[in-house]
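A short reminder: the numbers here are calculations on the coordinates, not readings from a lab. Everything quoted here is computed from the prediction, not taken from an experiment. Note that we place each Cβ from the backbone using ideal geometry, even for glycine, and neighbour counts take in every protein chain shown.
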Amino acid sequence: MSPRSASVNEELRRRSRERLLQAAVELVSERGYEATTLTDIADRAGSARGLVSYYFPGKRQLVQSAVHRLMHRTLEEALEREPRTDDGRERMARAVDAVLGLARDHTVLMRQHMSGLLQAEGFVRCPEQQRLAELLRETVARYGSQDVDADYPMLRSWLMGAVYAMVLPNVPMTLTDLRAELFGRYRLEWDMGDPPDTEEPRTSCERDLSRFFSTGARPQRR
């Protein structure tokens, strides 16, 4: 029997890593971070426990990579769904809705993710996080940013803040209110993206911030 080629081995490693990432998402969503062990994840993925350590330094890194994988796949699906569009404002709306939808549909998982980001290690640099960053940077560029390096971190911060507000125990904000805030900042119409089955709420947020993206002018400070 001839040995497997390098490409076959690489594909097997990729699939093995993908199974571990998917298992981590499932288990943390079901049990929470603390109640999920690396052995649990390996068992759910049908992998040997040693493979987890081969791919990831520890549980926090594995879970962050798993969440970033879920985020970039959800975001990519939203951006490329039919009817496909190159309209930068529509793509921004889809991106906002995709991220807020994750906080709504995977509250426990996203709460654990935000908790991990606030700890000492911050963002775990991994292929999944890099792909998510690429998609968000591309969204900002297509929206019309004149300085993607400055405006991408701002979009990321607003989205992270909205997710945190949605998953905060006991006093969460609603998706509808947060969507209205973000759509107001970017001057997006309510029926863009994937609108919820509710009317647009009244909001007092300042609406002039997104002028920076379309004209390059900084919003007035008040």
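For the reader, a short list of remarks on this structure follows.
- Selected from 144, 166, 127, residue furthest toward positive end of dipole (the chain; charges at beta carbon): 127
- Based on Cα contacts under 8 Å between residues 6+ apart, segment 1-55 shows a relative contact order of 33 percent.
- Share of pairwise Cα separations in segment 75-171, more than 18 Å, in percent: 50
- Taking the charge dipole of segment 1-55 about its Cα centre, with +1 at Lys and Arg Cβ atoms and -1 at Asp and Glu Cβ atoms, the residue from 23, 51, 33 reaching farthest to the positive side is 51.
- Exposure proxy for 47, 145: other Cβ atoms within 10 Å of each Cβ, ordered fewest to most, give 47, 145.
- Relative contact order %, the chain, counting alpha carbon pairs below 8 Å whose residues are six or more apart: 19
- Around the amide H of residue 193, modelled in the peptide plane, lie the amide H atoms of 94, all under 5 Å away and 5 or more residues distant in sequence or on another chain.
- Compactness of segment 1-55 was expressed as the Cα radius of gyration divided by 2.2 N^0.38 Å, which yields 1.30.
- Magnitude of the charge dipole, segment 63-215, Cβ model with Lys/Arg +1 and Asp/Glu -1, debye to 20: 380
- Within the chain, helices built from complete DSSP H runs that reach 27 Å or longer along their own axis (Cα positions) and carry a mean Kyte-Doolittle hydropathy of -1.0 or higher are 6-31, 59-80, 148-167.
- The value given for the chain is a Kirkwood hydrodynamic radius of 18.9 Å, derived from the mean inverse Cα-Cα separation.
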